[in-house]
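Worksheet: one structure, shown below.
Every number in this text was worked out from the coordinates using simple rules, so none of it is lab data. All values derive from a computational prediction rather than experimental measurement. Counting neighbours? That spans all protein chains shown, and the Cβs are built from the backbone with ideal geometry, glycine included.
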Amino acid sequence: MPDNTWTPARLLRLAGTALVMASALAATGCSNLGVKPWERDLLADPDMQLTVSGVDAGLDDHIYFSKEATSGGRGFGGGGCGCN
Amino acid sequence: MQLNNTGKPVGRALAAATCALLGVQATNTQAKGNPGEWDVETALLVYAESDSRVNAIEPVISATRNFDGERQLNLKLVADTLTGASPSGATPSDLPQTFTSPSGSGSYSIAPGEAPLDDTFKDTRVALSAAWSAPINRDYAYSVGGYASREYDYFSTALNGSLSRYLNNKNTTLTGGLSLGMDLIDPVGGAPVGLSRMPLRDGKTEAEFDQEFTATRESDDSKALVDALFGVTQVINRQTLMQFNYAVSYSSGYLTDPYKLLSVIDDASGANYGGNLIGADGNPVYLYENRPDSRLKHALYWQTKYMLTNGDVVDGSYRFMIDDWGISSHTVDLKYRWRLANSYLEPHFRYYMQSEADFYKRYLTATEYNNGAPALTEASADYRLGELTGLTLGAKWGYRFDEDRELAIRAEYMIQSNDGDEGFGQLTNHDLYPDTDAMWVQLSYSF
């Protein structure tokens, strides 16, 4: 009976908890992580951006959106396209 | 190490991460990014599936205008032309099968043993998006964007916005985003009534057929989408950047695919056991699919970028998705950018697996069909809602003429495999879950 275990309300509560935990982690625990301003040389390299090519990512997202039941995560899942 | 871009603030990398949170992907060509200049990325994608299935040609142009103070405007235009055939959802049969085309004006036939493909599939899509991102002050930045796409039977629009907060000397970025979308669906021939029987011409006058066809149609339809996204981007150390997102997506309205079918299979014993159920009009029984009218999805996404001491970059991500249709999925994506003097080579690996939707049915039995009064309210044989695994292998090679100009070619090969109920009787003679092979090649030039 998978439907009963994963009701939308329960999923939302879980998601809310995860979000609060992530925010708390970001605001406190992560303060020990990171670099000084003069140590940002490597991170500023264009190849270190999370999305190096928006065009590649957009094209792939559209292909997988059309061929799988999952979309979004990195960005919004979006709608559009009745493509098969 | 090729550190030819020293001195760029990490804030830009984080702002780029913020942009990446938007469904409208900004190009983020920060390496160029000089105020007063346009950075342009162009690409042509050619996509092909095996067995004469879908083919697509997709040109893209994306232009980013950089203003002072890290303000950016991105405009993107995508066009695509699709041709080929798409699996209709009906099962293969020992006998030839004839289906009515979506418009109702014609029909198409499938040879014995062949997978039923709807070859009337053809479409052209044009999509335009715009995104603006700018800092508010030292600690906050925002993005707003819009999206519209138009195809023959579909019109989609969305507006989105996000707000980011920098913490810990910009080592941490918290981002919240919201997207509101509205899609209008106007299927060829009108949207079929869910789980109604596909009218077939055989043995009928044109007037009888028209009457039957009209009775299975309802008006055009729409769906609304709300997406919310919360993300944390964290600089771990000098070589490592990490992102963690939670996305929730709610869609409601017409979520059915108007062109997908279900075969009804005879489960009474006898010569036709496991074959198509024959209706009172002497024709096989095929139903139009029907999906729930809402869907709530949750996705967790984690991505890490790591630069090795030799300057190569590893990009790994994992996504978990679960929804109230009973589908859950896992996606792993890995890229390794091997950097040479003026060029790079980037192998790519992606693995995807999903479980089937609660209402996924490879076929319906005559018992479930119940002489036209099915007990179920939703059913779909769309393989994309079934148990599915996908493996993609690819590589990209790029050459950088200078800081501004880059030429790249990328090729990806994907194989999708389905699994599920193998049927009974005559159905077991057929491959109900053929693999889907797809390949795409993309040529890009940015300047």
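Can you give me the relative contact order of chain B as a percent, contacts being Cα pairs under 8 Å and 6 or more apart?
Once divided by the residue count of chain B, the mean separation gives 13 percent.
Rounded to the nearest 0.05, what FRET efficiency do B:S105 and B:F447 have when you use their Cβ-Cβ distance and R0 = 41 Å?
About 0.30, to the nearest 0.05.
Considering amide H positions built from the backbone, and no H for Pro or chain starts, which residues 5 or more places from B:V285, or on another chain, come under 5 Å of its amide H?
B:V264, B:L277, B:G279
Compute the Cα gyration tensor for chain B, then decide on rounded, prolate or oblate, letting a ≥ b ≥ c be the square roots of its eigenvalues: rounded whenever a/c is under 1.5, prolate when a/b is larger than b/c in the other cases, and oblate in all that remain.
Since a/c reaches 1.5 and a/b is larger than b/c, the shape of chain B is classed as prolate.
In whole Hz, what ³J(HN,Hα) sequence does segment B:377-385 give by Karplus (6.51, -1.76, 1.60; θ = phi - 60°), x for Gly and Pro?
Here the 3J(HN,Hα) series is 9, 9, 6, 8, 10, 5, 4, 6, 9 Hz.
Full-extension gain between B:V126 and B:L95, please, as 0.36 nm times their residue separation minus the C-alpha to C-alpha distance.
Details: separation 31, 0.36 × 31 = 11.16 nm, distance 4.00 nm.
Extra length from B:V126 to B:L95 when fully extended: 7.2 nm.
Hey, which of these cross-link pairs are over 21 Å Cα-Cα: B:K122/B:K361; B:K204/B:K361; B:K305/B:K335; B:K170/B:K335? Don't skip to the end; give the middle numbers.
Numbers: B:K122/B:K361 26 Å; B:K204/B:K361 30 Å; B:K305/B:K335 10 Å; B:K170/B:K335 26 Å.
The answer is B:K122/B:K361; B:K204/B:K361; B:K170/B:K335.
For every other residue with a beta carbon closer than 11 angstrom to the beta carbon of B:T377, add +1 if it is Lys or Arg and -1 if Asp or Glu, then tell me the sum.
Taking every other residue near B:T377 into account, the sum is -1.
If the elastic network links every pair of Cα atoms under 10 Å, which of B:E206, B:E406, B:E346 fluctuates the most in the Gaussian network model of chain B?
It is B:E206.
Across every pair of different alpha-carbon atoms, what Kirkwood hydrodynamic radius in Å does segment B:142-284 reach?
19.9 Å
Using the beta-carbon distance between B:L77 and B:Y413 and R0 = 22 Å, what value does 1/(1 + (r/R0)^6) give for FRET efficiency, to the nearest 0.05?
With R0 = 22 Å, the Cβ-Cβ based efficiency is 0.20.
Using a 10 angstrom cutoff on alpha carbons, build the Gaussian network for chain B and name the most mobile of B:A131, B:A207, B:A148.
Of B:A131, B:A207, B:A148, the Gaussian network model singles out B:A207 as fluctuating most.
Based solely on its DSSP helices, what 222 nm [θ] is calculated for the protein assembly as shown when runs of n ≥ 4 H residues each add -39,500 (n - 2.57) and the sum is averaged over all residues, nearest 500 deg cm²/dmol?
Theoretical 222 nm ellipticity from helices: -3500 deg cm²/dmol.
With springs only between Cα atoms under 10 Å apart, run a GNM on chain B and tell me which of B:L308, B:L225, B:L407 wobbles the most.
Highest fluctuation among the options: B:L308.
Each residue of segment B:407-414 in order: what ³J(HN,Hα) in whole Hz does its phi give by Karplus 6.51 cos²θ - 1.76 cosθ + 1.60, θ = phi - 60°, with x for Gly and Pro?
Running phi through 6.51 cos²θ - 1.76 cosθ + 1.60 with θ = phi - 60° gives 10, 9, 10, 9, 9, 9, 10, 10 Hz.
Can you run phi through the Karplus equation (6.51, -1.76, 1.60; θ = phi - 60°) for segment B:273-289 and list ³J(HN,Hα) in whole Hz, with x for Gly and Pro?
Along segment B:273-289, the couplings run 4, x, x, 5, 5, 9, x, 5, 7, x, 9, x, 9, 10, 10, 6, 5 Hz.
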